[in-house]
Amino acid sequence: MGLAYDDFGLGQSRLIELSEVPPDYLKFNMSLIRNIHTACQRKQQMVERLVKMAHDFGIHPLAEGIETKQERDVCIQLGFTCAQGFFFGRSTLISGLSKHI
């Protein structure tokens, strides 16, 4: 079983927890990822440094909310090793689950 911190970069960033209880995955909030391909160089550099920090701590950085090929391409350039979002596939119901909701 692995540990993931969700919504990194939104509100309380859990910086202290990164050193005290390091996760296996650090999920970067979609607010950092959305339109990253058109973001200013300063924002891209900030995200790249945070991704590098995750790598330095042995944590897999995950980009949340990727919706376009351009966002995916920039996330690859910034060093993300994992990603999720509509670009890769939409959420789907598990067969039979809706009968129990």
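The values are calculated or read from the model by the stated rules, or taken from the named source; none is laboratory data. Given the structure is predicted, the values throughout are model-derived calculations rather than measurements. Reconstructed Cβ throughout: ideal geometry from the backbone, glycine too, with neighbour counts over all protein chains shown.
When you go through 75, 40 one by one, which is the residue that is crowded, with 16+ Cβ neighbours inside 10 Å and of a type outside the set (Ser, Thr, Tyr)? Just a single option satisfies the conditions, and that option is 75.
Residues in the range 23-37 that are within 24 Å of residue 2 (Cβ to Cβ) and either in contact with a Lys or Arg (Cβ under 6 Å, 6 or more places away or on another chain) or loosely packed, with under 15 Cβ neighbours inside 10 Å (or both): 24, 31.
Against the test of being more than 12 Å from the chain's Cα centre (by Cα), under 21 Å from residue 4 (Cβ atoms) and assigned to a loop (DSSP other than H, G, I, E, B), the options 86, 80 yield a single qualifying residue, 86.
Here is the figure for the range 4-20: residues that are surrounded by 12 or more Cβ atoms within 10 Å (Cβ to Cβ), farther than 18 Å from residue 48 by Cβ and at pLDDT 80 or above total 5.
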